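*Asks:* Structure below; questions to follow.
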C-alpha cells in the first residue's frame, strides 16, 4: 500500500473510531441520536471528514478496494451533508454511521493491520 494511502486511512480510521465513541457516549439508538443536537453534529462532522479524506486516496487503492467499499458514495457524502444540512434525513445519517462506518472501519483495520 502506498504511504499516502496509509496516512489517509489512518485519519479515516480515527474518525471511524470517533464515531464509535460518539455512539457509545451519547446513546446507541436512533431516538437518542434524533434528540441530541450535539450527537447529531458530532456524527455529521466525522462523516464529512471521512468523505473529504477519501478524496486523497490514490486511484490504485480505490480500484483495488472498490468491491469492499463504495468510494463514490463516501466521496459524495461531504457535499450532501454540507449542502443539504438543514434538510438531511436523520435516518440516513444514522444508518450510515451505524451500518456503513463499521464496514469502513473493518477495511481500515485490515489495511492498517490493526486488531479489533
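*Asks:* Report the residue count in region 43-70 for those that are in contact (Cβ under 8 Å) with a residue 24 or more places away in the chain and within 16 Å of residue 95 (Cα to Cα).
*Replies:* Number satisfying all stated conditions: 8.
*Asks:* Could you check region 1-29 and list, in sequence order, the residues that are under 26 Å from residue 91 (Cβ atoms) and either surrounded by 19 or more Cβ atoms within 10 Å (Cβ to Cβ) or touching a helix residue (DSSP H, G or I) at 6+ places or on another chain (Cβ under 6 Å) (or both)?
*Replies:* 12, 13, 15, 16, 18, 19, 22, 23, 26
*Asks:* So, one more: Of all the residues that make up region 72-89, how many are at pLDDT 95 or above and over 14 Å from the mean Cα position of the chain (by Cα)?
*Replies:* 0
*Asks:* Now a separate question. Residues that are in contact (Cβ under 8 Å) with a residue 40 or more places away in the chain, surrounded by 12 or more Cβ atoms within 10 Å (Cβ to Cβ), assigned to a helix (DSSP H, G or I) and in contact with a helix residue (DSSP H, G or I) (Cβ under 7 Å, 6 or more places away or on another chain): does region 76-89 have at least one?
*Replies:* Within region 76-89, not a single residue is in contact (Cβ under 8 Å) with a residue 40 or more places away in the chain, surrounded by 12 or more Cβ atoms within 10 Å (Cβ to Cβ), assigned to a helix (DSSP H, G or I) and in contact with a helix residue (DSSP H, G or I) (Cβ under 7 Å, 6 or more places away or on another chain).
*Asks:* Could you tell me which residue of region 93-116 is modelled with the highest pLDDT, considering only residues that are loosely packed, with under 11 Cβ neighbours inside 10 Å and in contact with a helix residue (DSSP H, G or I) (Cβ under 9 Å, 6 or more places away or on another chain)?
*Replies:* Of everything passing the filter in region 93-116, 115 is modelled with the highest pLDDT.
*Asks:* Here are some conditions: (1) within 19 Å of residue 92 (Cα to Cα); (2) under 16 Å from the mean Cα position of the chain (by Cα); (3) part of a helix (DSSP H, G or I). Residue 32 meets all but one. Which one does it not meet?
*Replies:* Condition (2) is where residue 32 drops out.
*Asks:* Examine region 48-56 for a residue that is closer than 17 Å to residue 86 by Cβ, part of a helix (DSSP H, G or I), at pLDDT 95 or above and within 14 Å of the chain's Cα centre (by Cα), and state whether such a residue exists.
*Replies:* yes
The values are calculated or read from the model by the stated rules, or taken from the named source; none is laboratory data. In this text the structure is predicted, and so the values were computed from the model without any measurement. Counting neighbours? That spans all protein chains shown, and the Cβs are built from the backbone with ideal geometry, glycine included.
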